[in-house]
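Asks: Let me begin by handing over the structure; questions about it come next.
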Amino acid sequence: MYDNYIFDLYGTLVDIHTNEGRPSLWKYMAGFMTLQGVPYTGPELRKRYRALIAALRLKQYEKYKTQFPGLTPDEVEVDLSEVFSLLYDEKGRAATPQMLADWALMYRTVSLQRLRLFEGAETLLKELRRLGKGVYLLSNAQRLFTEPELRHLGIYDLFDDVLISSDIGFMKPSPRFYGALTEKHLLDPQASVMIGNDWKADAWGAYNCGLASMYIHTAQSPELTGLLPPGCTRLDTILDVLSH
């Protein structure tokens, strides 16, 4: 077995489905903000939300592209709390941290249609901890959404560390995101493995950073249109991690 197990979250350990495109979501969110004295219509809010994400992603890329030659725009991540804050600023109101947390909670509640652990996920994490293995989370996600969901599902404390892309500014498959974890905890790449459901972000992202990988295909997996990297182990169930 490996010394360190690095997990993706959504689609790997957690079965999730959200619908962020339906107009009713933006209608509810606009109503929520209007009651706070920040008037938006649903279409206006949706348009500004998407425009601000694009603008902040470009700003992040311009900030780091000279420092990291070869950086691509799809490697950078934005923190949606900054987007939420700007939505309030544009209407002349400064949002408090609690207001941002409430916005995120409302947004996720309305858009979320399914959230549950895959069968065997909690058992696997507990068994790896019992065996004395390092257990880490490396997720392309937003802290404001993901930490409450991890705590709700009862697995937050089963990780030695939780790294979320919104905190780091980069997302998988960026080596800068993988490096944030391996360098922080001085992980030996040859003794560590990445487990995920995305053949590019997880399997190839790990391979390009010198890490072994395990791939599991789930309903949330992107279409597998290429080969898995050399040495990647394909899993049938998440508990198969224990047999490799």
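The values are calculated or read from the model by the stated rules, or taken from the named source; none is laboratory data. For clarity, every value in this text was computed on a predicted model and none was experimentally measured. All Cβ positions, even for glycine, are placed from backbone atoms using ideal geometry, and neighbour counts span all protein chains on display. Protein only, heavy atoms only, side chains kept; ligands, DNA and RNA dropped before computing areas. Shrake-Rupley method; radii C 1.70, N 1.55, O 1.52, S 1.80 Å.
Asks: Which members of segment 187-244 meet the condition of being hydroxyl-bearing (Ser, Thr, Tyr), within 18 Å of Asn4 (Cβ to Cβ) and open to solvent by 70 Å² or more (accessible area, probe 1.4 Å)?
Replies: Correct list: Tyr207, Ser243.
Asks: Let me ask something additional. Conditions: (1) in contact with a Phe, Trp or Tyr (Cβ under 8 Å, 6 or more places away or on another chain); (2) outside any loop (DSSP other than H, G, I, E, B); (3) at pLDDT 95 or above. Leu100 meets all but one. Number of the miss?
Replies: It fails just one condition, (3).
Asks: If you don't mind, there's one more thing I want to ask. Among the numbered conditions (1) open to solvent by 30 Å² or more (accessible area, probe 1.4 Å); (2) touching a helix residue (DSSP H, G or I) at 6+ places or on another chain (Cβ under 6 Å); (3) among the aliphatic types (A, V, I, L, M), tell me where Val76 comes up short.
Replies: (1)
Asks: Check whether at least one residue in segment 10-20 is over 25 Å from Ser165 (Cα atoms) and of a type in the set (Ser, Thr, Tyr), and report yes or no.
Replies: no
Asks: Here is a follow-up. Pick out the one residue from Tyr64, Tyr2 that is touching a strand residue (DSSP E or B) at 6+ places or on another chain (Cβ under 9 Å), open to solvent by 50 Å² or more (accessible area, probe 1.4 Å) and touching a residue at least 60 places away in the same chain (Cβ under 8 Å).
Replies: Tyr2
Asks: Can you report the number of residues in segment 41-91 which are touching a Gly at 6+ places or on another chain (Cβ under 9 Å), more than 20 Å from Leu25 (Cβ to Cβ) and not hydroxyl-bearing (Ser, Thr, Tyr)?
Replies: 5
Asks: Here is a further query. Condition first: over 25 Å from Phe118 (Cα atoms) and open to solvent by 10 Å² or more (accessible area, probe 1.4 Å). Now tell me which residues in segment 150-169 satisfy that.
Replies: Asp167, Ile168
Asks: For segment 121-149, name all the residues that are not in a helix (DSSP H, G or I) and not aliphatic (A, V, I, L, M).
Replies: Answer for segment 121-149, where residues must be not in a helix (DSSP H, G or I) and not aliphatic (A, V, I, L, M): Gly132, Lys133, Gly134, Tyr136, Ser139, Asn140, Gln142.
Asks: From the residues in segment 135-149 that are touching a residue at least 40 places away in the same chain (Cβ under 8 Å) and out of contact with any Ser or Thr (no Cβ under 8 Å at 6 or more places or on another chain), which one is most open to solvent (accessible area, probe 1.4 Å)?
Replies: Once the filter is applied, the top-ranked residue is Pro148.
Asks: Can you list residue pairs whose Cβ atoms sit under 8 Å apart, with the first residue in segment 25-45 being open to solvent by 60 Å² or more (accessible area, probe 1.4 Å) and the second being aromatic (Phe, Trp, Tyr)? Count only pairs 6 or more apart in sequence or on different chains.
Replies: Close Cβ pairs satisfying both conditions: Thr34/Tyr40; Pro43/Trp26.
Asks: Additional query: Could you give me the residue pairs with C-beta distances under 9 Å whose first residue belongs to segment 221-244 and is over 17 Å from Leu131 (Cα atoms), whose second residue is modelled with pLDDT under 95 and open to solvent by 60 Å² or more (accessible area, probe 1.4 Å) wherever it lies, and which are 6+ apart or on separate chains?
Replies: Sorted first by the residue in segment 221-244, then by its partner, the pairs are Thr233/His244; Leu235/His244.
Residue-wise test of (1) touching a Leu at 6+ places or on another chain (Cβ under 7 Å); (2) over 22 Å from Ile164 (Cβ atoms).
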| residue | (1), (2) |
| --- | --- |
| Ala180 | yes, no |
| His185 | no, no |
| Asp188 | no, yes |
| Trp199 | yes, no |
| Asn208 | no, no |
| Ile216 | yes, no |
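Asks: Separate question: Quickly run through segment 94-133 and pick out the residues that are closer than 18 Å to Met1 by Cα and either acidic (Asp, Glu) or open to solvent by less than 10 Å² (accessible area, probe 1.4 Å) (or both).
Replies: Hits for segment 94-133 are Ala121, Leu124, Leu125, Glu127, Leu128.
Asks: Within segment 98-120, track down each residue that is touching a residue at least 12 places away in the same chain (Cβ under 8 Å) and among the acidic types (Asp, Glu).
Replies: The answer is Glu119, and nothing else.
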